[in-house]
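Heads up: the structure comes next, in structure tokens.
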Amino acid sequence: MRDWPKTAWLVGGLAALLGLATVALLDRPLAHGFTVHWYHPDPSGARVLVDTTTEHRVAFPNAHRPLARYINGWPHEVMPILATLPQVDAVLRARLEVPPGPPRSLVADVDESAEIYADGARLGPTDTLAPGPHDLWIRWRARPRPHPRMGRAADSARFVLLWDASHPVPASALRPADGAWTGLRIALWAVGGPLALLFAWLMGRAWGAGTPAARRRRWGAVATLLIVLLAFGLRSFDYDVMPEFRENGDELFAIWNGWSLLEDGTPRGWSLWAGSYGGALQVETVHAWSQRWNVVTPYFEHPPLTHLLIGAAAHLGGAEGYLDATLADTRVVPIALTTFSTLLVIALGRRYCPEGPAPYLGGLLFAAVPAIAMQSRVIKEESLLVPLVLAMVLFFLRWRESRRTRDLVGAALCAGLSTLAKIPAVVWVPALTMLVAAEQGERRRAYLVAAIGLGVSALVLVYAASIDLEVFFLTQGKQGGRPTHWNLFSRFLDHIRINHNHVGRGWILFLWVGYLTSVAQRGFRNSAPIVVPMITWMVAIGLGSGNWSYGWYWLPMYPFLCVGAGDFLGRLWQKPDLLKGTLFIVLLVMYTLSFTMDLSVEILAVNYPAMRRVVTVFLAAFLVPYGLVQVWPRRRDVVALARLSTAAGLAVFVGASVYFVVHYETIYETHHDFDLDLYWTP
């Protein structure tokens, strides 16, 4: 720092102010909201406090958040798990500031009942409050309805506080009764403050770099920090709420199996095939939260590696039984794994396409594409496969450059460990062997890779044999009974999901277009490391899953698609043209904007002319610069204008992605199965 020029110190100081201002901006909504006490009757009928939370979003548009508060905060030591959904019985407390002007009435838009008290007196629908501060106390009760398969009926626990029965009371008018300095705010400043200073140091360092190579490297560090923070933020926001606990039961067998293995060495999890094992397994029927599970012991339907990580998080969270573990404690594992994977995506991009901004644009896609961000927080074996396969490829690339055997051993270990996370990932052993064998004169090394990878993979059999090998093979036979047909693979090209929710066609089409363009331009040898592992996984999971199709199947494919699409965007930045620019805008940017609109308003015929004008102006603003550069590709001002369009498009994409994640509890309802809606796909 001593050799920094004055301008570097100035840039560092401005960056520190910007970082701290960003933390303050994030902190602002955390100063407002309700203190909420969640109650439920115990078996004797006595009202028991389940949990106390601070709710900074003061409206509950549906049942997702209230149910999450009960499920994650349930006092297992006091009350057994319910066979039905919990009833909402909440007390909301705050200091209400009525704005200047005429007195205002206060009512609640709810499905069942809400009793409102201000300064100790109950308010009726016509009673008013004078401007100024008031102590607010509300008792809200509701009965969330069990929803159908994979689904709906989530508006059965709605709470919105209204001024004069007309418009919502903003969060800024409410301060939590138990104090505004919650643990979340303290954590934000404790972590955000040092990160802001780190950002300032990196910015000053980058600005003061003396050589072009050092400058590129240091600006890359700045970009990496921001992208990883974005990845973590999008994966962690509302992570214990959405996707909702009822949406993907597979999370439960991972939690239950991991907890049980660490507790007493017994593999335990629910199974769809419990009735077909013919007494070979112990079966226990569990009723929890309006769902019925047949829990089998021993459980062999998935290998244990990922489950052990999840189980460790459950134990650290204080779970005394396998049913006690919560998503709030256990989803931190996939969030940590896939946030770390963002770093690996950038590292892979730097080796695959080191020139220009391509590595960081690939990392940005992996961080921000909403389907990837939302799926990355879900507990599934694929969340561990992502860093393992990325590490495998990175070790291989290091070996290809240096021919150090230890790098090759590292790659083989990652390939073998993948089998311990999910059986179909065993294909990465032959995939890595193929990559090594393709190098001239490296047949013996290929044999070494195959031996190490298969040897580590065989630990699955050692694990099974230590418990019951016969039941293990019986279980794998049941897993292989899914319907197989000729139309297995087109879904991987244009029909992704978030768990079961058909959302993401525009994103996956853009990723494939960018990926295929990059592979075609990079050549066979350069692109092989991002082609072979992805294609072998797609074939293995497509064949293994049959006609079962869930959002997590794509997760190990996303890093490679993002690296290729990042190269596509890098080329668009360096040499913009009309075709690449149009594909970027109409697939990635405009598709993401679809989720910022209120469909109930947008689909009304009376609004068609206005929407046409908005979309036309948007297209003109973003596509005309690409059209101009197609005509005058060497004019600097035209190229700069096209790059400005690209930068603005990326900003719109990131902003719309943040909007999607922050509002997913409502988007899940309003845009459910968006890609199947005939209005959008006539």
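Data table
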{"quantity": "H302 being under 21 Å from the mean Cα position of the chain (by Cα) and within 23 Å of W273 (Cα to Cα)", "calculated": "no"}
{"quantity": "Scan of the stretch 31-46 for residues that are surrounded by 14 or more Cβ atoms within 10 Å (Cβ to Cβ) and either within 30 Å of A206 (Cα to Cα) or not aliphatic (A, V, I, L, M) (or both), ordered by number", "calculated": "H32, G33, F34, T35, H37, W38, Y39, H40"}
{"quantity": "Residue in the stretch 365-390 that is farthest from the chain's Cα centre (by Cα), counting only those that are in a loop (DSSP other than H, G, I, E, B) and over 11 Å from Y558 (Cα atoms)", "calculated": "E381"}
{"quantity": "Candidates A221, A206, A231 - the one that is touching a helix residue (DSSP H, G or I) at 6+ places or on another chain (Cβ under 8 Å), within 27 Å of I372 (Cβ to Cβ), open to solvent by less than 20 Å² (accessible area, probe 1.4 Å) and outside any loop (DSSP other than H, G, I, E, B)", "calculated": "A231"}
{"quantity": "In the stretch 455-497, the residues that are more than 20 Å from A540 (Cα to Cα) and β-branched (V, I, T)", "calculated": "V462, I467, V471"}
{"quantity": "Flag if R95 is more than 30 Å from E669 (Cα to Cα), touching a residue at least 24 places away in the same chain (Cβ under 8 Å), basic (K, R) and in contact with a Lys or Arg (Cβ under 7 Å, 6 or more places away or on another chain)", "calculated": "yes"}
{"quantity": "Among the candidates V333, V241, residue that is open to solvent by less than 40 Å² (accessible area, probe 1.4 Å), in contact with a His (Cβ under 7 Å, 6 or more places away or on another chain) and closer than 30 Å to F199 by Cβ", "calculated": "V241"}
{"quantity": "Residue in the stretch 662-682 that is modelled with the highest pLDDT, counting only those that are buried (at least 17 other Cβ atoms within 10 Å of the Cβ) and assigned to a loop (DSSP other than H, G, I, E, B)", "calculated": "H663"}
{"quantity": "Flag if R28 is in a helix (DSSP H, G or I), out of contact with any Cys (no Cβ under 8 Å at 6 or more places or on another chain) and surrounded by 18 or more Cβ atoms within 10 Å (Cβ to Cβ)", "calculated": "no"}
{"quantity": "Any helices (runs of 4 or more DSSP H) falling wholly within the stretch 542-661 and containing at least 3 residues that are open to solvent by 50 Å² or more (accessible area, probe 1.4 Å)", "calculated": "558-574, 608-631"}
{"quantity": "Pairs, first of a type in the set (G, A, S) and part of a loop (DSSP other than H, G, I, E, B) in the stretch 134-155, second surrounded by 14 or more Cβ atoms within 10 Å (Cβ to Cβ) and modelled with pLDDT of 75 or more, C-beta under 6 Å, six or more apart", "calculated": "A153/R145"}
{"quantity": "All positions within the stretch 437-489 that are among the basic types (K, R) and in a helix (DSSP H, G or I)", "calculated": "R443, R444, R445, K478"}
{"quantity": "Candidates D598, D673 - the one that is touching a strand residue (DSSP E or B) at 6+ places or on another chain (Cβ under 8 Å) and acidic (D, E)", "calculated": "D673"}
{"quantity": "Of the criteria (1) open to solvent by 40 Å² or more (accessible area, probe 1.4 Å); (2) in a loop (DSSP other than H, G, I, E, B), which one E97 fails", "calculated": "(2)"}
{"quantity": "Count of the stretch 281-293 residues which are open to solvent by 50 Å² or more (accessible area, probe 1.4 Å) and more than 29 Å from the chain's Cα centre (by Cα)", "calculated": "4"}
{"quantity": "Any hit, the stretch 271-279, residues being among the hydrophobic types (A, V, I, L, M, F, W, C), more than 27 Å from the chain's Cα centre (by Cα) and open to solvent by 70 Å² or more (accessible area, probe 1.4 Å)", "calculated": "no"}
{"quantity": "Filter result for L226 (under 18 Å from L18 (Cα atoms), under 14 Å from the mean Cα position of the chain (by Cα), open to solvent by 30 Å² or more (accessible area, probe 1.4 Å) and not aromatic (F, W, Y))", "calculated": "no"}
{"quantity": "Flag if L587 is modelled with pLDDT of 95 or more, in contact with a Phe, Trp or Tyr (Cβ under 9 Å, 6 or more places away or on another chain) and of a type in the set (A, V, I, L, M)", "calculated": "yes"}
{"quantity": "Residue among A465, A431 that is loosely packed, with under 15 Cβ neighbours inside 10 Å and among the hydrophobic types (A, V, I, L, M, F, W, C)", "calculated": "A465"}
{"quantity": "Those residues of the stretch 474-513 which are more than 19 Å from S549 (Cα to Cα), touching a residue at least 60 places away in the same chain (Cβ under 8 Å) and not aliphatic (A, V, I, L, M), in sequence order", "calculated": "T475, F510"}
{"quantity": "Lone unmet requirement of (1) buried (at least 19 other Cβ atoms within 10 Å of the Cβ); (2) touching a strand residue (DSSP E or B) at 6+ places or on another chain (Cβ under 6 Å); (3) touching a residue at least 40 places away in the same chain (Cβ under 8 Å) for L123", "calculated": "(3)"}
{"quantity": "Hey, R104 open to solvent by 40 Å² or more (accessible area, probe 1.4 Å) and under 37 Å from the mean Cα position of the chain (by Cα) or not", "calculated": "no"}
{"quantity": "L197 touching a residue at least 60 places away in the same chain (Cβ under 8 Å), surrounded by fewer than 19 Cβ atoms within 10 Å (Cβ to Cβ) and either part of a loop (DSSP other than H, G, I, E, B) or not β-branched (V, I, T) (or both)", "calculated": "yes"}
{"quantity": "Qualifying residue in the stretch 47-66 (condition: in a loop (DSSP other than H, G, I, E, B), touching a residue at least 24 places away in the same chain (Cβ under 8 Å), among the hydroxyl-bearing types (S, T, Y) and open to solvent by 20 Å² or more (accessible area, probe 1.4 Å))", "calculated": "no"}
{"quantity": "Qualifying positions in the stretch 622-655 - among the aliphatic types (A, V, I, L, M), more than 14 Å from L578 (Cβ to Cβ) and touching a residue at least 24 places away in the same chain (Cβ under 8 Å)", "calculated": "A648, L650, V652, V654"}
{"quantity": "L448 surrounded by fewer than 19 Cβ atoms within 10 Å (Cβ to Cβ) and either under 24 Å from L583 (Cα atoms) or basic (K, R) (or both)", "calculated": "no"}
{"quantity": "From D27, D51, D42, residue being under 20 Å from R246 (Cβ atoms) and of a type in the set (D, E, K, R)", "calculated": "D51"}
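Residues are listed down the side, and each one gets a yes or a no for (1) outside any helix (DSSP H, G or I); (2) within 20 Å of A314 (Cβ to Cβ):
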residue: I227; (1), (2): no, no
residue: D240; (1), (2): yes, yes
residue: E247; (1), (2): yes, yes
residue: F253; (1), (2): no, yes
residue: N257; (1), (2): no, yes
residue: L261; (1), (2): no, yes
residue: N294; (1), (2): yes, no
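The values are calculated or read from the model by the stated rules, or taken from the named source; none is laboratory data. Since we're looking at a predicted model, the values are computed, not measured. Heads up, the Cβs are rebuilt from the backbone with ideal geometry, glycines too, and the neighbour counts pull from every protein chain shown. SASA here: full protein model, heavy atoms, side chains in, ligands and nucleic acids out. Shrake-Rupley method; radii C 1.70, N 1.55, O 1.52, S 1.80 Å.
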